[in-house]
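Please read the structure below before turning to the comments.
The values are calculated or read from the model by the stated rules, or taken from the named source; none is laboratory data. Predicted model only: the values in this text are computed from it and were never measured. Virtual Cβ from ideal backbone geometry, glycine too; neighbours counted across all protein chains shown. The area values use the complete protein model at the heavy-atom level, side chains included, leaving out ligands, DNA and RNA. Shrake-Rupley method; radii C 1.70, N 1.55, O 1.52, S 1.80 Å.
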Amino acid sequence: MAQEERRQVIDRELTMSRAMVEAIAHEMRADDEVFYMGEDVADYGGIFDSTEGLLEEFGRDRVMDVPISETAYLGAAVGAAQEGMRPVAELMFVDFFGVAMDQIYNQMAKNTYMSGGAVNVPMVLTAAVGGTYNDAAQHSQTLYGTFAHLPGMKVVVPSTAYDAKGLMHNAIQDDDPVVYLFHKRLMGIGWMPAPDGPKTPVPEEEYTIPFGSADVKREGDDATVVTLGLHVHRALEAADALAEDGIDAEVIDLRTLVPLDTETIRESVAKTGRLVVVDEDYRSYGVTGEVIASVAEDGLADLEAVERVAVPDVPLPYARPMENEVVPDSDDIESAVRSAYDA
Amino acid sequence: MVLVSELREMYEDMVTARYYEERLQEEYLEGKQPAFDISAGPIPGELHLAAGQEAAAAGVCRHLRDDDTATAPHRPHHVAIAKGVDLKRMTAEIFGRENGLSSGKGGHMHLFDPDAGFACSGIIAQGCPPAVGAGLAAKKRNEDGVAVAFLGEGAISQGAFLESLNLAAVQRLPVVFVVEDNDWAISMPKGRVTDVADGSQRAAGFDMPGVRVDYDDATAVYDAAREAVGRARAGNGPTLLEVQVHRRMGHFMGDPESYRPEEDVEAAQARDSIERLAEDLRGAGLEDDDLEAIREDARERVDEAIEWAKEQPEPEPDAAHEDVFVNPPSGVTTEEPTHELAGGDD
Ligand SMILES: Cc1ncc(C[n+]2csc(CCOP(=O)(O)OP(=O)(O)O)c2C)c(N)n1
Ligand SMILES: [Mg+2]
């Protein structure tokens, strides 16, 4: 359902962070076994507002500040999940996954498989991602492709409040480990103004958005732009500019990387013939290559032109002119669509 | 006994760091008022200031030479200044300019000055292993260099720190771990995240000396560090030194600190380690005029560094593509090497 239609029925608008927290609170009310662990998630309410208000309602036993020991507490979430609880554990910035990677990819992601399905790990790993505010190489990555590459984790990337809530309900209810990556720039934090777009109408009641259902955020016949997270909004901006020149771009928001909804993408490409994949992660061995390959495998004949727009293979630089150079903006997307269109 | 010249140098480092950060704060807030937007103004991104923590850096670094190594965490300026990092180029880096220490690629959490033996990292406790490595290199080369890793009290629960203590101890490496205990890790008070109030007790688990300086007195830090650095330099292995310091401000600029009791902020601000050192200096015979002269000199150097930094050009956007490697791969080669391989007996 397009965002437009929803707007007519619900007029309560939420920021992405409020929508996320609403789903977490709902799940915590419904199930005593759901709890949240992370650094600065209690009194601070999450550096990026990811837990705002939860301490007040649920207390310290269920909204736990933990030591700066990511290996221990992410691993503890794995263990508690294997006991049947439903922990949500937060990595303040996704960039910090490195200090706890074993618990993430060798334990959380593999225990189900290694046990032949005898063990399951119903936890959610939340993490803030993304740049655009000059926080440099250790605090600006998205690492979408890294998590999606390693088998055993479902990977969720919301771009609007509506999606954030439904996807969070689904994530907590899911019996497998889910990595839920929220973009800082979309949260609606006072000190990091969000673009227009992520704040949307959100129903009060619970609803889920099934994983593997990409959302067509804008319909168009001339080119298919596939993207996620912050770049959904940059792609929509580019699409508006292109429309003035009569180029009608379709914008697909992946919403989950694992599972990847290749069907929606292929259907769109069958219609447009042109595929532009936009990603805020590194270019090589990542989302752009994967999406293009998945279309090429079964829909090669439909492909008239392919473009990818991503962070070149360099760490994120600090200074403004350089960060702007490497993080794709709507102009970059616009010109990629034009190239595909003119090809 | 501390030489007056040493006290003076520490005072210089401390007042330089304090004034430097006051100036940075002004610059940082430019463009971020009335509404605080982290990406606006001449210095974007996060900024962690160390006001109230200068004594730890000044007291320890007085014992270090240029060829010794110091690593700092996300709150690096006071350590960088005490370690003798080039103030102008550091400032240019913080302003994201071409002539910055890292040509604008690093920013305030990622300052590198190899000439001064300084580096920092924004990932908690991750400066510890490289400091161990610097100590290892000194030992392997039979040199008497020392490496010091600075970290916050919140970082002592991180695996990299504990593993580093063990490795340094078992290899008897010339390393000193300096924990700056400011009681807070962002919004988390120490008591919520560890049952060990005195972080230096962690040393016992690795059979190395653990020392705590209970108040941010530069002279007391100096004394404790003399022993620790001396021990390392003499080849007798690592020491864990914890110093009680004070966080006079929020964790980072823009931190509303709504989690922090008012009295705690007031108590931190009431402590004045700079004035405390000034008393020691007066006791050693310096006049107020002498102290003012030191402060004036520090202000001049800082103002000059900031002015210089702001005059430097911004980097070209294309520079973003350089420096991933020192030997950039020049493309695919299809040429096979032409070694003559001796036949093995297979
Ligand atoms: C591995 C890792 N986890 C979390 C963070 C986020 N973080 C940055 S500073 C900080 C608190 C550090 O506290 P402390 O070590 O006491 O240093 P202080 O800020 O008090 O100087 C945290 C949790 C990080 N940078 N790296
Ligand atoms: Mg601290």
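For segment B:124-155, residues that are within 16 Å of ligand 2 (Cβ to nearest atom) and either touching a Lys or Arg at 6+ places or on another chain (Cβ under 6 Å) or of a type outside the set (A, V, I, L, M) (or both) total 7.
Being surrounded by fewer than 17 Cβ atoms within 10 Å (Cβ to Cβ), among the β-branched types (Val, Ile, Thr) and closer than 23 Å to residue A:25 by Cβ: is that true of residue A:208 here? So residue A:208 passes the test. For residue B:127, the conditions (1) away from ligand 1 (no atom under 16 Å from the Cβ); (2) without any contact (Cβ under 8 Å) to a residue 60 or more places away in the chain are fulfilled apart from (1). Residue by residue through segment B:175-195, note down the ones that are more than 10 Å from ligand 2 (Cβ to nearest atom) and out of contact with any helix residue (DSSP H, G or I) (no Cβ under 7 Å at 6 or more places or on another chain). Residues satisfying the conditions are B:187, B:191, B:192, B:195.
Note on segment B:8-20: residues that are farther than 11 Å from residue B:274 by Cα and open to solvent by 10 Å² or more (accessible area, probe 1.4 Å) total 3. In segment A:264-273 there is no residue matching the filter, namely being within 14 Å of residue A:225 (Cα to Cα) and in contact (Cβ under 8 Å) with a residue 60 or more places away in the chain.
Checking the structure you have, find out if any residue of segment B:36-56 is at positive phi and touching an Asp or Glu at 6+ places or on another chain (Cβ under 6 Å). Looking through segment B:36-56, at least one residue is at positive phi and touching an Asp or Glu at 6+ places or on another chain (Cβ under 6 Å). The set of residues in segment B:131-160 that are within 14 Å of chain A (Cβ to nearest Cβ) and either farther than 21 Å from residue B:208 by Cα or touching a residue at least 40 places away in the same chain (Cβ under 8 Å) (or both) comprises B:151, B:152, B:153, B:155, B:156. Just checking, does segment B:251-264 include any residue being surrounded by 15 or more Cβ atoms within 10 Å (Cβ to Cβ) and on the phi > 0 side of the Ramachandran plot? Within segment B:251-264, one or more residues are surrounded by 15 or more Cβ atoms within 10 Å (Cβ to Cβ) and on the phi > 0 side of the Ramachandran plot. For segment B:74-96, enumerate the residues that are open to solvent by 10 Å² or more (accessible area, probe 1.4 Å), small (Gly, Ala, Ser) and closer than 10 Å to residue B:111 by Cα. Those that are open to solvent by 10 Å² or more (accessible area, probe 1.4 Å), small (Gly, Ala, Ser) and closer than 10 Å to residue B:111 by Cα: none in segment B:74-96. One residue stands out among those in segment A:195-205 that are over 12 Å from residue A:18 (Cβ atoms) and within 17 Å of the chain's Cα centre (by Cα): the one that is surrounded by the fewest Cβ atoms within 10 Å (Cβ to Cβ), which is A:195.
Going through segment A:26-42 one residue at a time, which ones are surrounded by 19 or more Cβ atoms within 10 Å (Cβ to Cβ) and either closer than 23 Å to residue A:200 by Cβ or not β-branched (Val, Ile, Thr) (or both)? The answer is A:27, A:28, A:35, A:36, A:37, A:38, A:39, A:40, A:42. All of A:12, A:18, A:29, A:60 fail the test of being closer than 21 Å to residue B:190 by Cβ and away from ligand 1 (no atom under 16 Å from the Cβ), apart from A:60. Return a yes/no flag: does segment B:281-292 have any residue that is within 16 Å of ligand 2 (Cβ to nearest atom) and closer than 29 Å to residue B:68 by Cα. For segment B:281-292, residues within 16 Å of ligand 2 (Cβ to nearest atom) and closer than 29 Å to residue B:68 by Cα: absent.
Does residue A:143 count as in the same structural domain as residue A:96 (by TED's automatic domain parsing) and touching a Leu at 6+ places or on another chain (Cβ under 9 Å)? Yes; evaluated as a whole, the condition is true for this residue.
For residue B:285, the stated conditions hold: it is open to solvent by 40 Å² or more (accessible area, probe 1.4 Å), more than 14 Å from chain A (Cβ to nearest Cβ), more than 16 Å from ligand 1 (Cβ to nearest atom) and in a loop (DSSP other than H, G, I, E, B).
Of all residues in segment B:296-319, those being surrounded by 18 or more Cβ atoms within 10 Å (Cβ to Cβ) and within 25 Å of the chain's Cα centre (by Cα) number 6.
Among the residues examined, residue B:48 qualifies as within 14 Å of chain A (Cβ to nearest Cβ), closer than 30 Å to residue B:267 by Cβ, touching a residue at least 40 places away in the same chain (Cβ under 8 Å) and surrounded by fewer than 24 Cβ atoms within 10 Å (Cβ to Cβ). Among the candidates A:232, A:225, A:155, the residue that is within 28 Å of residue A:270 (Cα to Cα), outside any helix (DSSP H, G or I) and not assigned by TED's automatic domain parsing to the domain that holds residue A:117 is uniquely A:225.
For segment B:94-116, the set of residues classified as free of Cβ contacts under 8 Å to residues at least 60 places away in the same chain, within 14 Å of chain A (Cβ to nearest Cβ) and either charged (D, E, K, R) or part of a loop (DSSP other than H, G, I, E, B) (or both) consists of B:101, B:102, B:106, B:110, B:111, listed by residue number.
Here is a check on your reading of the model: is residue A:137 within 14 Å of chain B (Cβ to nearest Cβ), under 30 Å from residue A:283 (Cβ atoms) and assigned to a helix (DSSP H, G or I)? When the stated conditions are applied, residue A:137 does not pass them. Would you mind stating whether residue A:43 is assigned by TED's automatic domain parsing to the domain that holds residue A:177, within 23 Å of residue B:191 (Cα to Cα), at pLDDT 95 or above and in contact with a strand residue (DSSP E or B) (Cβ under 8 Å, 6 or more places away or on another chain)? Spelling it out, residue A:43 is indeed assigned by TED's automatic domain parsing to the domain that holds residue A:177, within 23 Å of residue B:191 (Cα to Cα), at pLDDT 95 or above and in contact with a strand residue (DSSP E or B) (Cβ under 8 Å, 6 or more places away or on another chain).
Residues considered: A:100, A:81, A:72. Of these, the only one that is in a helix (DSSP H, G or I) and away from every other protein chain (no Cβ under 11 Å) is A:81.
Please go through segment B:208-262 and give me each residue that is among the hydroxyl-bearing types (Ser, Thr, Tyr) and at pLDDT 95 or above, ordered by number. If the condition is that a residue be among the hydroxyl-bearing types (Ser, Thr, Tyr) and at pLDDT 95 or above, then B:219, B:222, B:239, B:258, B:259 are the ones that fit. Entry remark, segment A:279-327: residues being without any contact (Cβ under 8 Å) to a residue 40 or more places away in the chain, open to solvent by less than 60 Å² (accessible area, probe 1.4 Å) and within 13 Å of residue A:142 (Cβ to Cβ) number 4 in total.
Selection over segment A:251-271 of residues that are open to solvent by 10 Å² or more (accessible area, probe 1.4 Å) and not basic (Lys, Arg) gives a count of 10. Residues in segment B:244-280 that are within 16 Å of ligand 2 (Cβ to nearest atom), among the acidic types (Asp, Glu) and assigned to a helix (DSSP H, G or I): B:264 alone.
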